[in-house]
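What follows is calculated from the coordinates using simple rules that are stated; it is not laboratory data. Note that this is a predicted model, so its numbers are computed, not measured. Cβ placement follows ideal geometry from the backbone for every residue including glycine, while neighbour counts extend to all protein chains displayed.
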């Protein structure tokens, strides 16, 4: 049980700091509410009314998110491979080439769908 005490102390310290920060901002912070502050943040552009049920979102948003995830996962797998390249051998090289080809298929799909064209 003694090995868990530092972890519990650190966890309590983190929660205490978060609670203290939120409490202090509620007590000390300014309370000047107006109509502009209560609206959704739209980067200075007037917010447009949304259709009931959320409306349609262009596919480019999903393709961009998918592209980010694909290349993020690729980088996670490529770094350890690059570090241990000399010890892995031919089998790992073939597997990594197949993995990169699979990622390239996802890249080609997004490219063909127009996910890389920013209008």
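Some values worked out for this structure:
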quantity	calculated
Subset tally (residues that are at positive phi and free of Cβ contacts under 8 Å to residues at least 12 places away in the same chain) for region 82-119	1
Answer residue from region 105-114, given it is under 11 Å from residue 70 (Cβ atoms) and surrounded by 12 or more Cβ atoms within 10 Å (Cβ to Cβ) and is farthest from the chain's Cα centre (by Cα) among those	109
